[in-house]
Amino acid sequence: MSRTAALSICDTLFTDGRFWADLEQLVSMETESQKPDNVDALMPYLTEALPPLLQGLGFTWSLHDNPDPAGCAFLVAERIENHAMPTVLSYGHGDVTHGQCQDWQEGLEPFALTPVGDRVYGRGSADNKGQHLINLHALACVIEARGNLGFNVKLLIEMGEEIGSPGLHAFCAANRQMLQADVLIASDGPRLQPDVPTVFMGARGGLSFELRVDLRDGAHHSGNWGGLLADPAMILAQALSTITDARGQIRIPDWRPTSLTPAIRETLASLPSFDGSDPAIDPDWGEADLTPAERVFGWNSFAILAMQSGKPDAPVNAISGHASATCQLRYVVGTGADNILPSLRKHLDAHGFQQVEVVPMDGGAFPATRLDPSHPWAQFAIRSIEATTGAPPHVLPNLGGSLPNECFAEVLGLPTIWVPHSYRGCNQHAPNEHVLASTCQQAGQVMTGVFWDLGDAETPHPPK
């Protein structure tokens, strides 16, 4: 059978409801990794939900202990047809963020799949159950059409991505031989536009930390002590104001990257504008001489995630003794990750803010990764997607957000290709998470085409 036949089989999976029935089962599992001591709710995804799908594809699978006691087990599956053929490693995570049941709109609930027009609601539909399910169904389409894949597949599923992937780095480091492959092809994150596929080859890093000012125990009457006691909130606000200027441009020299090369700028210049985005972007925010695409995909950004002093829910007439801010730097390749906090400390000291303490946060770091868009595996994926859709995909050197790509790019040494199946308005991590049925169906075709081309001896692709 032909590539066209495989794409037709994929369409049928969506129109006859088989894909949605499988996704309904996965979404119904309440796999909230952010709940403490929730391993008993996470494990059935690995032991009950996925095995029938994997066995139907001719995979063998096994569970592996997590080297981090805070993490759930890992599932590793493989279908090895011929060791002389290329091997693809894929990845997904079955855990989700808090359901936030009370905040979903009427008629919707997080752990039930609910179609409303083109939207299909459910926690994990976009992040990430629906995405790795699309890839499994695409493999099934190729097997049905060709009788085999024509390449080897290994699959790694974790249940802790939403809490920082505890143990994943160590697991990959200890199991390099078992996870050995020629390329990672996986799906997570959003497309830039719902109807145009996106390919990205890495992710911005993220480092979270706290800034604290502790001056004294307790609060003191603002009338009796006002003008006599230093205000920690004012000190902290002044310190924060030195990190960026009034439009958010970073003032710490070591936080300003040098990796926005002409080649990266050329790639980003071909991306669609942010006109009509929801929410609308602020054109006068961020680095003034960069385009919006360069700011989010090629540059670093500083954010204050939360601030507190006194009692925000019930203010009293008192000067607090304490103030804190939870902060984050999103950073691209070329930023010295180990120097982020030391350079902040140096900067604050130089501005006279020795009272401000810099406190690292556990689990608050994601390294930055990037694969050159001209890499042969990136070009293979781009050509395959264009052959399926008739138009080139949007190409990003890295995602604006963060995911554990360094485990595959750095620890396993793989070129990494990500083809996301969601879109920016999907409400992941928020109430009313959903996917678009039309985007999912096109994504199924895209991945069926990629997997068909991988096993097609006449389609040029990088050698094993």
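The values are calculated or read from the model by the stated rules, or taken from the named source; none is laboratory data. A quick note: this is a predicted structure, and the numbers were derived from the prediction, not measured. We place every Cβ from the backbone using ideal geometry, glycine too, and count neighbours over all the protein chains shown. Accessible surface areas use protein heavy atoms only, side chains included; no ligands, DNA or RNA. Shrake-Rupley method; radii C 1.70, N 1.55, O 1.52, S 1.80 Å.
Go through region 136-237 and tell me which strands (runs of 3 or more DSSP E), entirely inside it, have 3 or more residues that are modelled with pLDDT of 95 or more, over 30 Å from Pro342 (Cβ atoms) and among the hydroxyl-bearing types (Ser, Thr, Tyr).
Ranges flagged: none.
Provide a single number: the residues in region 158-170 that are β-branched (Val, Ile, Thr) and in contact with a Phe, Trp or Tyr (Cβ under 7 Å, 6 or more places away or on another chain).
The total comes to 0.
Charged (D, E, K, R), surrounded by fewer than 14 Cβ atoms within 10 Å (Cβ to Cβ) and at negative phi, is that true of Asp65?
Answer is yes for this residue.
If you go through region 1-23 one residue at a time, how many are farther than 10 Å from Val142 by Cα, open to solvent by less than 30 Å² (accessible area, probe 1.4 Å) and in a helix (DSSP H, G or I)?
Residues that pass the stated criteria total 4.
Taking interchain pairs and intrachain pairs at least six residues apart, which have beta carbon atoms under 7 angstrom, with the first residue in region 34-58 and farther than 13 Å from Leu75 by Cα and the second open to solvent by 60 Å² or more (accessible area, probe 1.4 Å)?
Between residues of region 34-58 that are farther than 13 Å from Leu75 by Cα and residues that are open to solvent by 60 Å² or more (accessible area, probe 1.4 Å), the close pairs are Gln34/His98; Gln34/Ile163; Ala41/Glu30.
All but one of (1) open to solvent by less than 60 Å² (accessible area, probe 1.4 Å); (2) farther than 19 Å from Leu184 by Cα; (3) assigned to a helix (DSSP H, G or I); (4) not basic (Lys, Arg) hold for Val120; state the number of the condition that does not hold.
Only one criterion is unmet by Val120, namely (3).
Just to check your reading of the model, which residue among Asp11, Asp68 is touching a Gly at 6+ places or on another chain (Cβ under 9 Å), in contact (Cβ under 8 Å) with a residue 40 or more places away in the chain and under 25 Å from Ala174 (Cα atoms)?
Of the residues listed, the single one that is touching a Gly at 6+ places or on another chain (Cβ under 9 Å), in contact (Cβ under 8 Å) with a residue 40 or more places away in the chain and under 25 Å from Ala174 (Cα atoms) is Asp68.
Which one of these is in contact (Cβ under 8 Å) with a residue 12 or more places away in the chain, open to solvent by less than 10 Å² (accessible area, probe 1.4 Å), over 27 Å from Leu42 (Cβ atoms) and among the aliphatic types (A, V, I, L, M): Leu149, Leu156?
From the options Leu149, Leu156, the qualifying one is Leu149.
Under 19 Å from Thr267 (Cβ atoms), in contact (Cβ under 8 Å) with a residue 24 or more places away in the chain and buried (at least 22 other Cβ atoms within 10 Å of the Cβ) - does that describe any residue in region 355-368?
yes
Quickly run through region 398-455 and pick out the residues that are of a type in the set (Ser, Thr, Tyr), in contact with a strand residue (DSSP E or B) (Cβ under 9 Å, 6 or more places away or on another chain) and open to solvent by less than 10 Å² (accessible area, probe 1.4 Å).
Correct list: Thr416, Ser422, Thr439.
So Pro272 ticks every box in (1) touching a helix residue (DSSP H, G or I) at 6+ places or on another chain (Cβ under 9 Å); (2) more than 30 Å from His221 (Cβ to Cβ); (3) buried (at least 21 other Cβ atoms within 10 Å of the Cβ) but one. Which box is left unticked?
With respect to (1) touching a helix residue (DSSP H, G or I) at 6+ places or on another chain (Cβ under 9 Å); (2) more than 30 Å from His221 (Cβ to Cβ); (3) buried (at least 21 other Cβ atoms within 10 Å of the Cβ), Pro272 is out only on (3).
Using the structure shown, decide if Leu454 is out of contact with any Ser or Thr (no Cβ under 6 Å at 6 or more places or on another chain) and modelled with pLDDT under 95.
No: the conditions fail for Leu454.
One residue is enough: does region 374-386 have a residue meeting the conditions assigned to a helix (DSSP H, G or I) and touching an Asp or Glu at 6+ places or on another chain (Cβ under 6 Å)?
yes
Taking into account only those residues within region 252-266 that are in contact with a helix residue (DSSP H, G or I) (Cβ under 7 Å, 6 or more places away or on another chain) and open to solvent by 40 Å² or more (accessible area, probe 1.4 Å), which is farthest from Arg424 (Cα to Cα)?
The extreme case among them is Asp254.
On the basis of being more than 23 Å from Asp217 (Cβ to Cβ), surrounded by 15 or more Cβ atoms within 10 Å (Cβ to Cβ) and at pLDDT 95 or above, does Ser301 make the cut?
yes
Condition check ((1) among the charged types (D, E, K, R); (2) open to solvent by 30 Å² or more (accessible area, probe 1.4 Å)) across all residues:
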residue	(1), (2)
Ala233	no, yes
Ala239	no, no
Ile250	no, no
Leu268	no, no
Asp278	yes, yes
Asp284	yes, yes
Ala293	no, no
Ala306	no, yes
Asn317	no, yes
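In region 333-354, is there at least one residue being free of Cβ contacts under 8 Å to residues at least 60 places away in the same chain, out of contact with any Phe, Trp or Tyr (no Cβ under 6 Å at 6 or more places or on another chain) and within 17 Å of Met234 (Cβ to Cβ)?
Among the residues of region 333-354, at least one is free of Cβ contacts under 8 Å to residues at least 60 places away in the same chain, out of contact with any Phe, Trp or Tyr (no Cβ under 6 Å at 6 or more places or on another chain) and within 17 Å of Met234 (Cβ to Cβ), which makes the answer yes.
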